[in-house]
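> Structure below; questions to follow.
Every read-out reported here was derived from the displayed coordinates using simple, explicitly stated rules and does not represent laboratory data. Everything quoted here is computed from the prediction, not taken from an experiment. Glycine gets a Cβ as well: all are built from the backbone with ideal geometry, and neighbour counts include every protein chain shown.
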Amino acid sequence: MAAAYGQLLAEVYPLSAEESAPPVLPDEMAVQACWAAGLLGNEGETCHHGHVRILDGGLWNRSAGPDFLRAEVEINGVRRRGDIEIDPHPADWEHHGHGANPAFNQVILHVVLTPPPPGWYTRNAVHEEVPVLYLPPEVWQPALGQESAGARAAVPCCRRPMEELPPESIDSLLKMAAAYRMEKKRAHFRRKAAVMGQRQAWFEAWAETLGYSANKQAMQMLVRRAPLKTLGADAEAILLGTAGFMVPVLPERSSAESRTYHRAVWDKWWAVREQYELSHTHRIPWVLSPVRPMNHPHRRVAALALSARRWRSIEPLLNAAGAARLRELLTHLSHPFWDSHCTMASAAMKQPAALVGRQRVDDFLVNHVYVQDESEPAWQTYLALPAGKTSSTVQRVALALFGERKDLKKVLTKHYAHQALLQIEADFCAVNICNECLFPARLAEWKKQ
């Protein structure tokens, strides 16, 4: 089914990559997180110095200076040890003052996401040339889980192409698109697991789920700064501290209960602070507004810490057969402080609340656990999953594709239909203008086949 949908895409987008619109560059911190995880490959061609192999990507810097320290590379067979700097544009090296900063004199590789202009040279404060490695979109887009621009270019889009299709054809197409989306997620997970290990990849998936859409990237950065294997019994202190939430003194308005909890965690954080604390230039970019108090990042990170301490119990349940027990375990995570507090300094809630709600766990199951289980029972269970709340994006795409069909509500009762519409939106609606449509013609041919 995934292959069939891929063929449909190939027929709609026959243009070459050279005709595609330039990709939107990602946030620099997101690229650093991918480099730290080893997801950007281990070799390439520098602009003037030949082939480079990344033997050691270096330590992700927590303070001022180059992004990665004590890295080791091999350029044309010659090994070099030093630092690595990553910038979206080659000129950022000068815009940020690195060329005049002695702290960057040990940089052995300048990694960029846009091609250097003709005649460009990266030089340090002693006028030594720094090798430049350009990472094309086909390298960093898959690492970030983005759709590659590849053969996509703006073509006219259609309106209501499924309005006249019979229900069985719509169901078949949606299952194809859902399978395609599932396979893309599966491939992205495999890439990460191959580099960072299965346990860390799963831990990161759970962290991203806890972060909701607003703090998904921030949670990803947190668990790459503080990987699962380093947490141990001090998971709570390490994660809250690395996240930047462990202030030395709480506000005066804080309750005695908050101060007692803060002091207990602070004493553990102080012992590991030098190893994990990030400077202000490297702080994790948390989104605090608009976020519901119950979903405040303080509480999400606390839930992640509790999960880390129980990961050996969680790990065997990361499959379709263990879904029910996994839901039970995660929704019953409990903490004497966080069951009744939204932030480190907030007053206690009138009624305790679950640290992790059922909807969050179900999102983890449908977006990760069922996706990674390749068994036929898992696929059938996935197809039977009821949909949660219909997002505004799904509703908009459904109306654009189906028009005013009377059976539209029935179509949207299953989770896979929502995932399929999100995939169609990403492949067609998000990259095109709504005018005359190429999609219906391809659908008509597909129907005949």
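> Please compute the modelled spin-label separation between D363 and W311, points set 7 Å along Cα→Cβ, answer in nm with one decimal.
Result for the modelled spin labels: 2.1 nm.
> Using the basic label-point model (7 angstrom from Cα toward the beta carbon), what is the H280 to R253 distance in nanometres?
2.4 nm
> In addition: What number does segment 41-134 give for Rg over Rh if you use C-alpha atoms and the Kirkwood radius? Display every interim value, and only then the final one.
Details: Rg = 12.0 Å, Rh = 13.0 Å.
That ratio is 0.92, to two decimals.
> Pulled fully out, how much extra length does the chain show between N101 and M294, if you take 0.36 nm times their separation in residues and subtract their Cα-Cα distance? Spell out each step's value before the answer.
Working: separation 193, 0.36 × 193 = 69.48 nm, distance 4.39 nm.
Length gained, N101 through M294: 65.1 nm.
> Starting from the Cα of K184, draw a straight line to each of the aspartates and glutamates and keep only those under 16 Å, dropping any in the same chain fewer than 8 residues away.
E138, E147, D373, E374, E425, D427
> Related question: Using the Kirkwood formula over every pair of different C-alpha atoms, what hydrodynamic radius in Å results for segment 173-281?
Details: mean 1/r = 0.0621 Å⁻¹.
Answer for segment 173-281: a Kirkwood hydrodynamic radius of 16.1 Å.
> Divide the volume of the convex hull of the Cα atoms of segment 199-373 by its number of residues and quote the answer in cubic angstrom per residue. Write out the running numbers ahead of the final one.
Working: hull volume 20.0 nm³, N = 175.
Convex hull of Cα atoms, per residue: 114 Å³.
> Multiplying the sequence separation of T413 and R199 by 0.36 nm and subtracting their Cα-Cα distance, what value in nm do you get? Don't skip to the answer; put the middle values down first.
Numbers: separation 214, 0.36 × 214 = 77.04 nm, distance 3.31 nm.
Using 0.36 nm per residue and subtracting the Cα-Cα distance, I get 73.7 nm.
> Over what distance in Å are the Cα centres of segment 47-117 and segment 170-218 separated?
Rounded to whole Å, the Cα centres lie 30 Å apart.
> Looking at the chain from every direction and averaging, what is the projected area of its Cα convex hull in nm²? Kindly include the intermediate steps, with their values, before the conclusion.
Details: hull surface 99.0 nm².
Across all orientations, the chain yields a mean hull projection of 24.7 nm².
> Here's something else I'd like to know. Taking only C-alpha pairs under 8 Å that are 6+ residues apart, what is the relative contact order of the chain in percent? Show your work: numbers first, answer last.
Working: 669 pairs, mean separation 82.4, N = 449.
That works out to 18 percent.
> Within the set of other residues whose C-beta is less than 11 Å from the C-beta of R225, count the net charge using Lys and Arg as +1 and Asp and Glu as -1.
Values: positive: R62, R224, R283; negative: E277.
Result for the local shell: +2.
> Taking the Kirkwood radius as the inverse of the mean 1/r across Cα pairs, report the Rg/Rh of segment 28-91. Provide the component values of the computation, followed by the final result.
Details: Rg = 11.6 Å, Rh = 12.2 Å.
For segment 28-91, the value is 0.95.
> With 10 angstrom as the radius, rank R327, R358 by how many other C-beta atoms surround their C-beta, starting from the fewest.
The most exposed by this proxy come first: R358, R327.
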